[in-house]
Amino acid sequence: MANRRRETGRRILRGIGCAALALVIASQGIAAEREFVYRTVAGDTLIGIAARFLTDPGDWKLLQDRNKVANPRAIPVGTAIRMPVARMRAEPRPMEVEVVRGAASGEAGPLAPGARLSEGDSLRTGDDGFVTLKLADGSRVTVPSASRVQVERSRAYGNASIGETVLRLLGGRIDTAARSQGRSDVFEIRSRQAITAVRGTQFRVAALDGDAVATEVIEGRVGVSAEAAPAGLDVPGGFGTKVEEGRAPLPPVKLLPAPEVTRMPALVERTLVRLPFEAVKGAAGYRAQIGQDAAFRAIVAETRVESPEAKFAGLADGDYFVRVRAIDSLGLEGLDAVRPFKLKARPEPPFIAGPADRAKTDAAGAKLAWSRSTQADAYRLQVSSRADFSAIALEEGALPATEATLGSRLGKGTWHWRVASIRNPGDQGPWSDPRSFTIVPDPPAPKAGKAAGGGLAFEWSGEPGQRYQFQLAADSAFRTLVTERTLDEPRIALPEPGVGEYFFRVRAVDADGFQGPFSAAQRVDIYPSPWWLLLLLVFPFL
């Protein structure tokens, strides 16, 4: 019985020992020791290799044991010498500030291109700030607006044979384009909830609301781990994951596709830049960025919008690239669509003063006017019979004044016009929004005649929908009106007003209330009746 108990105890102890050994092995698997492999060349010795690469040159014996080298002074060429990175000599490898736009500051104040960030340094971008950092291996990290990043490690080991970069995201976002890393290199983005490890890829890390962190992989693969799941998660290109506090990373989620951006204009001619794109199914919002280069190392503006149109103000004239992506319900940002465009909004066009759009005028009163621009030295005017200005009827190339009287240069009909500011020779700004006006036909010329039942009859030409204002006066200035009527038809019959000379005129009133000019005054003479003449001859003394 006692023997049986002792055997049982030994089995339990053996089981505990095996469990402990398994735990050690698992822990080593999670945090495996990094090694650097060096290939020997002619003349190499372990003592010389240790002096070049290791912190303690006396560790050459460690190299001999680890690599089973028989003779430390006679090593065959091409022998693989494995050495622990932890024993290798470390050297600082500062990051260079490559591009700065807007408000961005480091430990010593505002950042400028050429500044260097070392271990322990941090940077912060304002609401309009953007910073791109260049690493020694050519990798680049862009810190967008409203973000905070600290450099935890930026060093090289073994005469720069191995690199180690660890950035901590304290708030906001990081966009990374990392060059291919060696087996022993380290490139990590850390946050409170997650660690993103890189092996040569393009990816983004963002701090979300609720202490969550999003990782979006554009190209390559990254490993994402959390305190709740130290084994980590492998995320391929085109997928993302989200890590919430106290939880394991979500299984990889496919990123939303890039929006269709063919509707975006190639040329923008207004200071308010409007860039429409197609909606993406499943999108909860969109992020758009403006860069001065296709790689978006120099980002100058960004916005997050709910609807598929990005608007930007305050951009200087120039050539730009826009990058837009959809955001899903988890907060993961999708694949990018990129499109170039040119902004030429200055000198800004003047404001149109008159006539009002779609106004009507007679040829004599046709005058175009606009405001004086502080950016303009002169103005260019175009008038066309077509809304697309494919047929120019009138053009003035360098008008110093802010108005143009057309006079008889245009005939009746509808005309379209626009004006642009000119600043210095050859620097013309965009056209104003086009306006239209109509030159109405010459006023109808009424004719007078005898009415069928006696009296006077007047007729003139007209157009459907018009009404007419008719005036008959005893003087050519029409100060003494005999008759004034508003008519629905282009005719009127009146009793004779009495012997004498009279003047009449008419003007058309369109259905929209526009009153054309009066026709030229015409004269009609009313003579005494022949019966009155006969009576005067027969009875001269009456």
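The values are calculated or read from the model by the stated rules, or taken from the named source; none is laboratory data. Fair warning: this is a prediction, and the values are worked out from it, not measured in the lab. For neighbour counting, all protein chains shown are included, and Cβ atoms are generated from backbone atoms with ideal geometry for every residue, glycine included. Heavy atoms of the whole protein, side chains included, go into the accessibility calculation; ligands, DNA and RNA do not. Shrake-Rupley method; radii C 1.70, N 1.55, O 1.52, S 1.80 Å.
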**OP:** Can you figure out the FRET efficiency of Asp442 with Tyr527, using R₀ = 22 Å and their beta-carbon distance, to the nearest 0.05?
**Re:** 0.10
Original post:
How long are the three semi-axes of the equivalent ellipsoid for the range 248-288, computed from the Cα gyration tensor as the root of 5 times each eigenvalue, in whole Å, largest first?
Top reply: 30, 11, 8
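Quick one: length gained pulling Asn71 to Ala51 fully straight, 0.36 nm per residue minus the C-alpha distance?
5.5 nm
How charged is the neighbourhood of Gly334? Take every other residue with its Cβ under 12 Å from the Cβ of Gly334, and add Lys/Arg as +1 and Asp/Glu as -1.
The answer is +2.
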Original post:
Classify the range 55-136: rounded, prolate or oblate, from the alpha-carbon gyration tensor (a ≥ b ≥ c, eigenvalue square roots; a/c under 1.5 rounded; otherwise prolate if a/b is larger than b/c)?
Top reply: prolate
Subject >> Extension gain from Leu208 to Glu107, taking 0.36 nm per residue of separation minus the Cα-Cα distance >> reply: 33.9 nm
**OP:** Could you please report the charge total around Ala86, scoring K, R as +1 and D, E as -1 over all other residues with beta-carbon less than 10 angstrom from its beta-carbon?
**Re:** 0
Original post:
For the range 183-257, what class follows from the C-alpha gyration tensor (a ≥ b ≥ c being the square roots of its eigenvalues): rounded when a/c is under 1.5, otherwise prolate if a/b is larger than b/c, else oblate?
Top reply: oblate
Original post:
Hey, got a sec? Which chymotrypsin sites (Phe, Trp or Tyr not before Pro) in the range 147-217 land in a DSSP loop and have at most 11 other Cβ atoms within 10 Å?
Top reply: none
Subject >> 18 Å cut-off, amide nitrogen to a point 7 angstrom out along Ala401 Cα→Cβ, residues in the range 352-386 >> reply: 352-355, 363-373, 377-383
Subject >> Per residue, the convex hull volume that the Cα atoms of the range 418-537 enclose (Å³) >> reply: 157
**OP:** Calculate for the chain the 222 nm mean residue ellipticity that helices alone would give, adding -39,500 (n - 2.57) per DSSP H run of length 4 or more and normalising by residue count, nearest 500 deg cm²/dmol.
**Re:** -3000 deg cm²/dmol
Original post:
On the accessible surface of the range 350-398, probed at 1.4 Å, how many percent belong to carbon and sulfur atoms?
Top reply: 48
Subject >> Loop-located trypsin sites (Lys or Arg not before Pro) in the range 48-127, at most 12 other Cβ atoms within 10 Å (DSSP) >> reply: Lys68, Arg73
Original post:
Around Asp317, with a cut-off of 11 angstrom between Cβ atoms, what is the net charge of the other residues, counting Lys and Arg +1 and Asp and Glu -1?
Top reply: -1
Subject >> Reciprocal mean inverse distance between Cα atoms of the chain - Kirkwood radius, Å >> reply: 32.0
Original post:
Sorted by mean Cβ packing within 10 Å, highest first, what order do the peptides 415-426, 167-178 take?
Top reply: 167-178, 415-426
Original post:
Suppose R0 equals 35 Å; then what is the FRET efficiency for Arg179 and Arg270 from their Cβ-Cβ distance, rounded to the nearest 0.05?
Top reply: 0.30
Subject >> Proximal lysines to Lys360, defined as alpha-carbon separation beneath 23 angstrom and excluding residues fewer than eight positions away on the same chain >> reply: Lys412
**OP:** Give the distance, in whole Å, between the Cα centre of the range 197-262 and the Cα centre of the range 83-107.
**Re:** 24
Subject >> Projected-area mean, the range 289-355, by convex hull of Cα positions, square nanometres >> reply: 6.4
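Taking 0.36 nm per residue of sequence separation and subtracting the Cα-Cα distance, how much length would be gained by fully extending the chain between Ala160 and Lys254, in nm to one decimal?
30.2 nm
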Original post:
Under a point spin-label approximation (7 Å from Cα along Cα-to-Cβ), what is the Ala359-Ala294 distance to one decimal in nm?
Top reply: 4.9
Original post:
With each pseudo-label sitting 7 Å past Cα toward Cβ, what's the Phe351-Glu463 distance in nm, one decimal?
Top reply: 3.1
**OP:** For a label point 7 Å from the Cα of Lys367 along Cα→C-beta, name the residues of the range 386-410 whose backbone N is under 16 Å from it.
**Re:** 401-409
**OP:** Before anything else, pin down the relative contact order of the range 416-501: Cα pairs under 8 Å, at least 6 apart, normalised by residue count, whole percent.
**Re:** 21
Subject >> 1.4 Å probe accessible area per residue over the chain, in Å² >> reply: 52
**OP:** Name the lysines eligible as straight-distance cross-link partners of Lys342: C-alpha to C-alpha under 17 Å, and not fewer than 8 places from it in the same chain.
**Re:** Lys311
**OP:** Would you work out the relative contact order for the chain, in percent, from Cα pairs under 8 angstrom that are 6 or more residues apart?
**Re:** 6
